[in-house]
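First, the structure itself, so that you have it in front of you.
What follows is calculated from the coordinates using simple rules that are stated; it is not laboratory data. Because the structure is predicted, anything quoted here is derived from the model rather than measured. Glycine also receives a Cβ, built like all others from the backbone with ideal geometry; neighbour counts cover every protein chain displayed.
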Amino acid sequence: MGDHGKMYVPEDLLPVYREHIVPLADIITPNQYEAELLSGRKIKNEGDALEVMKWFHDQGAKTVVLSSTELGSENELLGLASSVINGTSTRLQIGIPRLPVNFTGTGDLFASLLLGWMHHTDSNLKKSVENTVDTMQTILRRTLDMARQEAGPDTPLTVRHLELKLVQSLDDIRSPVSKCKASVLEN
Ligand SMILES: Nc1ncnc2c1ncn2[C@@H]1O[C@H](COP(=O)(O)OP(=O)(O)O)[C@@H](O)[C@H]1O
């Protein structure tokens, strides 16, 4: 829907997403801006994030992952996740090392990887979020390295240079190298 304070889709679609699309979702992976737009609440701290994730559960989503928030630090984005599946509730957070560029298509890639891992792990939220973030890191680092090589030292990186290097990352999609650990939030 949008990012960095700007909607990609026409603004009059917001109530359609909120009232008709969100209630259809089993798994939803908004970034911070999208989560704030849909829920109508600002996320200024972890408590706000937990409330916003509860709002999505109340709309019917069993699994909510805030793919990134600015609640981390200068060097780290913070992801948060919550699932309520078969009466079992799990909430966790994960630090995501921040790379110094804006990529395009990361939300779509994150959603695809998470869906695949939730399917392959019988809805194990911790493992799925960790594998997803680990694969994202590898793909984005490869994308950035190859973009810098292609552009050379004097040319600013463009969207074309930063096209996600998915084909070159097939092995990392199949078998992520384990690095980022999620911590489970108690109550
Ligand atoms: N600058 C970045 N540095 C590191 N990881 C990033 C960066 N941008 C995106 N990502 C990765 O992509 C995922 C989705 O990005 P996010 O910005 O939350 O969604 P969207 O692309 O929809 O705005 C994040 O969880 C993170 O793993």
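Using a 10 Å cut-off on Cβ atoms, rank the peptides 121-134, 49-62 from the highest mean neighbour count down. Please list the in-between numbers first.
Working: 121-134: 20.6, 49-62: 18.3.
So the order, starting with the most tightly packed, is 121-134, 49-62.
What does the charge add up to near Arg148, with Lys and Arg as +1, Asp and Glu as -1, over the other residues with Cβ less than 15 Å from its Cβ? All intermediate terms of the calculation are to be shown ahead of the outcome.
Details: positive: Arg141, Arg142, Arg160, Lys165; negative: Asp145, Glu150, Asp154, Glu163.
Net local charge, Arg148 excluded: 0.
What aspartates and glutamates could a cross-link reach from Lys6, if we take a straight Cα to Cα line under 14 Å and drop same-chain neighbours fewer than 8 places away?
Glu34, Glu36
Is there a quick way to get the dipole size of the chain? I mean about its Cα centre, with the Cβ of Lys and Arg at +1 and of Asp and Glu at -1; what is the value in debye to the nearest 20?
That gives a dipole near 320 debye.
Moving on to the next point. Distance check, please: which entries in Lys54/Lys126; Lys42/Lys126; Lys44/Lys181; Lys42/Lys179 exceed 27 angstrom between their Cα atoms? Can you show the working numbers first?
Details: Lys54/Lys126 18 Å; Lys42/Lys126 25 Å; Lys44/Lys181 23 Å; Lys42/Lys179 30 Å.
Where the Cα-Cα span goes over 27 Å, the pairs concerned are Lys42/Lys179.
Which of the chymotrypsin sites (Phe, Trp or Tyr not before Pro) found in the stretch 8-42 are in a DSSP loop and have at most 10 neighbouring Cβ atoms, other than their own, within 10 Å? Before the final figure, lay out each step's value.
Details: sites: Tyr8, Tyr17, Tyr33; in loops: Tyr8.
Here the chymotrypsin sites (Phe, Trp or Tyr not before Pro) that fit, given the DSSP loop and packing criteria, are Tyr8.
Still on this model: Using the alpha carbon gyration tensor of the chain, what are the three equivalent-ellipsoid semi-axes (square root of 5 times each eigenvalue), largest first, in whole Å? Kindly include the intermediate steps, with their values, before the conclusion.
Details: eigenvalues 150, 81, 47 Å².
So the three semi-axes of the chain are 27, 20, 15 Å.
By DSSP, what percent of the beta bridges with both residues in the stretch 2-184 are antiparallel, rounded to the nearest 5? Numbers along the way, then the final one.
Working: 20 of 22 bridges.
Around 90 percent antiparallel, to the nearest 5.
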